[in-house]
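Worksheet: one structure, shown below.
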Amino acid sequence: MSPSPFSPQVSASQVVDGVTVHGWYGVRFAQFTKRFQPAVPASGQLAVSQLHDVPIFPQLPSRLASSMGTAKANPQSEDAFFVNVWAPAQAERLPVLVFIHGGAWLTGGGAMAWYEGARLAAQGIVVVNVSYRLGALAHAQTTAIGSLPIDDLRLGLHWVVKHIAGFGGDPTRLCVAGQSAGGWYAHLLSTLPEFKGMIDRVALLSMGTRAPWTVSQQQTVWHGMNQTGVDVLACSATALLRLGMQALPQHSFQLGYAPSAFLPTEGPDIPPAFLEPEWAAQHSHAQAWYIRYTADESSAFFFDRDDYKTVTQEQVDQVLQHWLLQDLPPVLKKQGKYAGAASGLTPYRQIVKASSWRQFQRFPYQYAQALSAQGKRVVFQPFTLESPLAGFYSGHCFDLPFQFGNWADWADAPMLQGLSPEAFEVESQKWRTHLVDFVRGQDND
């Protein structure tokens, strides 16, 4: 899998929904320099014919495997600065969807089979998946430029603008989409002055809404890693990831709270108010926004835990009655007060709804309102389909298989077990069309 000089060659072609789609895998946009240092622009392409042969950045198993499954295993490398591109044959000046994967800032990759973009491309767009650094390798140390993953994505976007015409894409019609942590990055990029006039549209799917680490938080973790006596510049990537996880602060159990691991650190590349709806609506320079979350985001973190399955109304009341009203979703409020059992929901469903609103839904919902109030174009489409998996409902990431339409690549996902391929296809067609219409500027909701 040695890189070749940059002259993109089709890695694989397939007929998808009656359309011939070309795929270019392992196309390099940047090069690793040194651990905890910025990458540099680069070119080249791996000689591979399968998407899962393209490396992704080092990571440990995902904590959502109990619902999402494991997907095909990619090689892992600290030099996984690759994009993967799909376009219809004879594509010319088509709008471009740049997808930034999620994974809690800790896992995932633009070359994972889950995010195979051929079916979206078959509907008349160019799809680009981009990888960026994760976990301890991304966040344990900062540089003068700020966050390393943000810089990775900056290089990726500049590569797309410079080269996408060679794949049949129109660099002036760029939609940056992200899911979960990827949505956090997509939103952030849309507020940075550097990308004004470059990002035409933004799609935020189950966007993460975590505040970045403070510098002191990052320094505490970095100090903890270095207190072990291990040379963090020389140890293996896997050893460094485990070292970083051990150095993270230990969170005491809080009902309704799903803690995160690593996060980007506040700095010059992260506007302090970028997670404030009114500020974001004024400063995001996109021309249109597509905003979506699933109805029960947090169930993905709770459904397989006994302490949540058996939670009582008394336990839920003890927690939620002390939350600020703004942190409670409308379904848990009546006459300006916490509703509790009067909501008609089970105790477990109440805590799922509350956590989902607080940790995933409130900012996107209020952001959509703020954008609309300013007369800006926004499409808001919550995902409400429920999984047959007990207690999962419409949990975090349940929309992803439908969005990409690749049933076979999610074959081991417990959250899909019990759905028929026919029912999956009907739902997938709807969500693929929603997003593609938005990317093409043909949405009319």
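The values are calculated or read from the model by the stated rules, or taken from the named source; none is laboratory data. If you're wondering where the values come from, they're calculated on a predicted model, not measured in any experiment. We place every Cβ from the backbone using ideal geometry, glycine too, and count neighbours over all the protein chains shown. Ligands, DNA and RNA are stripped out before the accessible areas are found, and what is left, the full protein with its side chains, is counted by its heavy atoms. Shrake-Rupley method; radii C 1.70, N 1.55, O 1.52, S 1.80 Å.
Put simply, of L233, L248 the only residue that is in contact (Cβ under 8 Å) with a residue 12 or more places away in the chain, open to solvent by 60 Å² or more (accessible area, probe 1.4 Å) and closer than 30 Å to F36 by Cβ is L233. The numbered conditions (1) touching a helix residue (DSSP H, G or I) at 6+ places or on another chain (Cβ under 9 Å); (2) outside any strand (DSSP E or B) are all true for Q9 except (1).
Of all the numbered requirements in (1) crowded, with 23+ Cβ neighbours inside 10 Å; (2) in contact with a helix residue (DSSP H, G or I) (Cβ under 7 Å, 6 or more places away or on another chain); (3) in a loop (DSSP other than H, G, I, E, B), A80 misses one, and that requirement is (2).
Name every residue in segment 406-437 that is small (G, A, S) and under 27 Å from C175 (Cβ atoms), in order of residue number. Those that are small (G, A, S) and under 27 Å from C175 (Cβ atoms): A408, A413, S428. Among the residues of segment 247-269, write down those that are under 17 Å from H223 (Cα atoms) and either in a loop (DSSP other than H, G, I, E, B) or among the acidic types (D, E) (or both). Within segment 247-269, L248, P249, Q250, A261, F262, L263, P264 qualify. Considering segment 83-108, the residues that are over 16 Å from the mean Cα position of the chain (by Cα) and of a type in the set (G, A, S) include one that is least open to solvent (accessible area, probe 1.4 Å), namely A87.
Pull up segment 165-221, narrow it to residues that are over 15 Å from the mean Cα position of the chain (by Cα) and among the aliphatic types (A, V, I, L, M), then point me to the one that is surrounded by the most Cβ atoms within 10 Å (Cβ to Cβ). Step by step, filter segment 165-221, then rank; the result is L174. Taken over segment 393-445, the criterion of being of a type outside the set (A, V, I, L, M, F, W, C), in a loop (DSSP other than H, G, I, E, B) and crowded, with 18+ Cβ neighbours inside 10 Å is satisfied by Y393, S394, G395, H396, D399, G405, N406, D443.
Among the residues of segment 271-282, is any surrounded by 14 or more Cβ atoms within 10 Å (Cβ to Cβ), of a type in the set (S, T, N, Q) and part of a loop (DSSP other than H, G, I, E, B)? Within segment 271-282, not a single residue is surrounded by 14 or more Cβ atoms within 10 Å (Cβ to Cβ), of a type in the set (S, T, N, Q) and part of a loop (DSSP other than H, G, I, E, B).
Here G224 clears all of (1) open to solvent by less than 70 Å² (accessible area, probe 1.4 Å); (2) in contact (Cβ under 8 Å) with a residue 40 or more places away in the chain except the condition numbered (2).
Residues checked against (1) open to solvent by less than 70 Å² (accessible area, probe 1.4 Å); (2) touching a residue at least 60 places away in the same chain (Cβ under 8 Å); (3) part of a helix (DSSP H, G or I); (4) not polar (S, T, N, Q):
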site: H322; (1), (2), (3), (4): no, no, no, yes
site: V352; (1), (2), (3), (4): yes, no, yes, yes
site: S355; (1), (2), (3), (4): yes, yes, yes, no
site: F360; (1), (2), (3), (4): yes, yes, yes, yes
site: P364; (1), (2), (3), (4): yes, yes, yes, yes
site: Q369; (1), (2), (3), (4): no, yes, yes, no
site: V379; (1), (2), (3), (4): yes, yes, no, yes
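Checking each residue in segment 41-72 for being touching a strand residue (DSSP E or B) at 6+ places or on another chain (Cβ under 9 Å) and open to solvent by 60 Å² or more (accessible area, probe 1.4 Å) picks out P41, S43, A47, S49, Q50.
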